[in-house]
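The values are calculated or read from the model by the stated rules, or taken from the named source; none is laboratory data. Just so we're clear, the structure is a prediction, and the values are computed from it rather than from any experiment. Counting neighbours? That spans all protein chains shown, and the Cβs are built from the backbone with ideal geometry, glycine included. For the accessible areas, the whole protein counts, side chains as well, though only heavy atoms, and no ligand, DNA or RNA atoms are used. Shrake-Rupley method; radii C 1.70, N 1.55, O 1.52, S 1.80 Å.
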Amino acid sequence: MKYISTRGRSPVCNFEQVLLTGLAPDGGLYVPETLPVFTQQEISSWSGLPYDQLAFKIIKPFVDGEIPDDVLQSILADSYKDFSHPAVAPLRMLGVNEWVLELYCGPTLAFKDFALQLLGRLLDYVLIRDNKKVAVLGATSGDTGSAALEGCRHCKNIDLFILHPYQRVSEVQRRQMTTVPGDNIHNIAVRGNFDDCQRIVKSAFGDQSFLPEDRQLVAVNSINWARIMAQIVYYFYAALNLGGPLRSVSFSVPTGNFGDIYAGYLARCMGLPVKQLIIATNGNDILHRLISNNEYSLGELQPTLSPSMDIMVSSNFERYLFDLFDRNADAVTAFVTGLGKQPLHLDIDRWHKARELFSSLGVDDATTCSVIADIHKRTGFLIDPHTAVGVEAARVCNQDKSVPMITLATAHPVKFADAVTRAGLESPALPAHLQDLFEREERYEVLDNSVDEVTRFLRSKL
Ligand SMILES: *Cc1c(COP(=O)(O)O)cnc(C)c1O
């Protein structure tokens with residue numbers, strides 16, 4: 001399997017190379033040159049498989065023999081063994097043909113564990129095999145950081161540096177990061193906002209000359225292909241558990257960087273009958289404006305009750321555009337680099353093509369709270385604000401009530417107690433493995449909003 005850049009001006013990579021990098025050198029994102037496509041018969045034969053065994057079937061073609069099958073199988077078994085539900089990704093019914101897929105049973109209580117538990121183990125394996133050391137560098141507005149730290153903490157050949165905006169993440173989120181023990185773990189609170197953190201990370205990736213010679217930086221956000229790959233699995237798993245592939249299913253996906261929903265798009269390209277994919281956004285609704293009005297323009301970043309989706313530009317959308325533009329890298333480059341305050345438009349055929357599969361909705365904070373309250377009242381089930389955005393979009397955008405509609409529940413409500421209280425409900429208790437979170441010792445460094453200061457800190461720790 002070869003991987004190519006969406007901007008067309010980077011060398012072709014193999015799996016190990018895309019695993020050990022971030023953006024392509026030309027500023028694009030890596031995608032597989034061709035996708036594996038499974039027959040309906042093949043997909044049917046996987047029904048009833050445990051999660052990790054299904055993951056093996058789907059992930060194997062992407063790894064393409066670079067990791068031996070038995071090793072890959074045991075890495076996958078290990079990645080999902082600590083999930084708190086035996087189904088790993090259980091389905092729950094909210095109403096008639098209305099489902100949620102609970103993706104928060106991993107160690108840090110958000111769906112990002114699905115990819116990062118695996119990514120950490122894949123990195124560990126190839127780094128030990130090749131006798132290499134790397135530095136993982138990432139910026140987080142909350143969930144990515146803790147999932148990355150949990151996924152990579154045991155890797156002796158990785159030093160982890162996670163930047164979060166000082167005093168701008170919730171206390172649970174901060175403690176989930178800063179209480180992870182280990183000499184290879186470095187939490188950095190930057191005196192700035194999330195965009196400042198991202199800017200610093202991007203600039204460090206762009207010029208890695210500050211690193212010791214034998215080191216390189218590896219990304220853990222969803223520009224890393226391996227994260228997307230891991231997320232394709234639960235689309236197949238949910239569909240198989242609801243009678244697929246003999247019948248179609250639809251998904252509503254709370255969206256920030258477009259990573260999670262892009263995995264759903266790939267599942268469909270790989271043969272899974274998916275009828276509708278719903279892009280559920282909060283007030284940061286650049287993708288909703290494109291799908292509903294054919295207007296693609298930068299808005300103002302607004303803080304919402306679903307902070308993990310407070311993103312101005314969805315980086316993985318470029319991967320979808322690459323297909324929508326018939327893999328014409330120059331056209332993609334022109335479109336994405338033209339983004340500004342003035343709206344860009346897709347040509348009308350392309351826009352229609354996107355709308356055949358994708359629908360969208362932007363959901364405000366007041367509606368988010370009322371959905372949390374309403375679902376709790378009618379079913380007794382407590383959902384988090386990101387999931388609530390998805391549930392609302394699922395209801396509003398559903399085009400065919402005879403098709404099962406599955407909303408991805410992306411986080412446990414205990415992570416977002418604020419929204420739960422605002423919905424008039426009591427915030428839930430921390431799960432057993434986090435019970436003493438507020439007593440654990442915290443470790444983090446507060447640094448100025450400066451590339452130099454951060455890279456100097458990295459250098460001093462490597
Ligand atoms: C990261 C995150 C999202 C957004 O996922 P993307 O892949 O960036 O679209 C949604 N909900 C929660 C809880 C998250 O942590």
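Please find, among G27, G65, the residue that is open to solvent by 40 Å² or more (accessible area, probe 1.4 Å), at positive phi and in a loop (DSSP other than H, G, I, E, B). First the steps, then the outcome.
Details: G27 fails: open to solvent by 40 Å² or more (accessible area, probe 1.4 Å).
The conditions single out G65.
Considering only the stretch 135-162, state which residues are acidic (D, E) and crowded, with 23+ Cβ neighbours inside 10 Å.
D143
Pick out the one residue from N294, N282 that is on the phi > 0 side of the Ramachandran plot, in contact (Cβ under 8 Å) with a residue 12 or more places away in the chain and of a type in the set (S, T, N, Q).
Numbers: N282 fails: on the phi > 0 side of the Ramachandran plot.
That would be N294, the only listed residue that is on the phi > 0 side of the Ramachandran plot, in contact (Cβ under 8 Å) with a residue 12 or more places away in the chain and of a type in the set (S, T, N, Q).
If you scan the stretch 103-134, which residues turn out to be more than 16 Å from the ligand (Cβ to nearest atom) and either open to solvent by 10 Å² or more (accessible area, probe 1.4 Å) or within 13 Å of the chain's Cα centre (by Cα) (or both)? Quick ask: steps written out before the conclusion?
Let us first name the residues in the stretch 103-134 that are more than 16 Å from the ligand (Cβ to nearest atom), namely 120-134.
Result: R121, D124, Y125, I128, R129, D130, N131, K132, K133.
Can you spot a residue in the stretch 363-381 that is aliphatic (A, V, I, L, M), more than 13 Å from the ligand (Cβ to nearest atom) and assigned to a loop (DSSP other than H, G, I, E, B)? Show your work before the answer.
Step one: filter the stretch 363-381 for residues aliphatic (A, V, I, L, M), giving 363, 366, 371-373, 375.
This time we only want the ones that are more than 13 Å from the ligand (Cβ to nearest atom), so: 366, 371-373, 375.
From the residues that got through so far, the ones that are assigned to a loop (DSSP other than H, G, I, E, B) too are none.
Looking through the stretch 363-381, none of the residues is aliphatic (A, V, I, L, M), more than 13 Å from the ligand (Cβ to nearest atom) and assigned to a loop (DSSP other than H, G, I, E, B).
Pick from the stretch 328-361 the residues that are aliphatic (A, V, I, L, M) and part of a strand (DSSP E or B): which of them is nearest to L298 (Cα to Cα)?
Initial filter on the stretch 328-361 (aliphatic (A, V, I, L, M)): 329, 331-332, 334, 336, 339, 344, 346, 348, 354, 357, 361.
Pick out the ones that are also part of a strand (DSSP E or B) and you get 344, 361.
Numbers: L344: 10, L361: 17 Å.
Selected residue: L344.
Going by the conditions given, is V414 of a type in the set (V, I, T) and at pLDDT below 95?
Numbers: of a type in the set (V, I, T): yes; at pLDDT below 95: yes.
Spelling it out, V414 is indeed of a type in the set (V, I, T) and at pLDDT below 95.
I'd like the residue in the stretch 351-399 that is β-branched (V, I, T) and open to solvent by 30 Å² or more (accessible area, probe 1.4 Å) and, out of all such residues, is farthest from the chain's Cα centre (by Cα). Write out each step before concluding.
Of all residues in the stretch 351-399, those β-branched (V, I, T) come to 363, 367-368, 371-372, 375, 379, 383, 387, 389, 391, 396.
Imposing the further condition that a residue be open to solvent by 30 Å² or more (accessible area, probe 1.4 Å) reduces the set to 367, 379, 396.
Values: T367: 24, T379: 28, V396: 24 Å.
It comes out as T379.
Would you check if Y262 is open to solvent by 10 Å² or more (accessible area, probe 1.4 Å) and of a type outside the set (S, T, N, Q)?
Taking the combined requirement at face value, the residue does not satisfy it.
Name the pairs: first residue in the stretch 170-182 and over 15 Å from H154 (Cα atoms), second residue open to solvent by 10 Å² or more (accessible area, probe 1.4 Å) and among the acidic types (D, E), Cβ to Cβ under 6 Å, at least 6 apart or on different chains?
T178/E442
Looking at (1) in contact with a Phe, Trp or Tyr (Cβ under 9 Å, 6 or more places away or on another chain); (2) open to solvent by 10 Å² or more (accessible area, probe 1.4 Å); (3) among the hydroxyl-bearing types (S, T, Y), find the lone condition where S209 falls short.
(1)
In the stretch 382-401, which residues are of a type outside the set (A, V, I, L, M), within 12 Å of the ligand (Cβ to nearest atom) and outside any helix (DSSP H, G or I)? Reasoning before the result, please.
Our first condition is that a residue be of a type outside the set (A, V, I, L, M); within the stretch 382-401, this holds for 384-387, 390, 392, 395, 397-401.
Cutting the leftovers down to within 12 Å of the ligand (Cβ to nearest atom) gives us 384-387, 390.
Selection gives D384 alone.
Mind checking which residues of the stretch 86-129 are under 20 Å from M309 (Cβ atoms), of a type in the set (D, E, K, R) and not in a strand (DSSP E or B)?
K112, D113
Limited to the stretch 283-320, what total is found for residues that are farther than 30 Å from L35 by Cβ, open to solvent by less than 20 Å² (accessible area, probe 1.4 Å) and away from the ligand (no atom under 12 Å from the Cβ)?
Total satisfying the criteria: 1.
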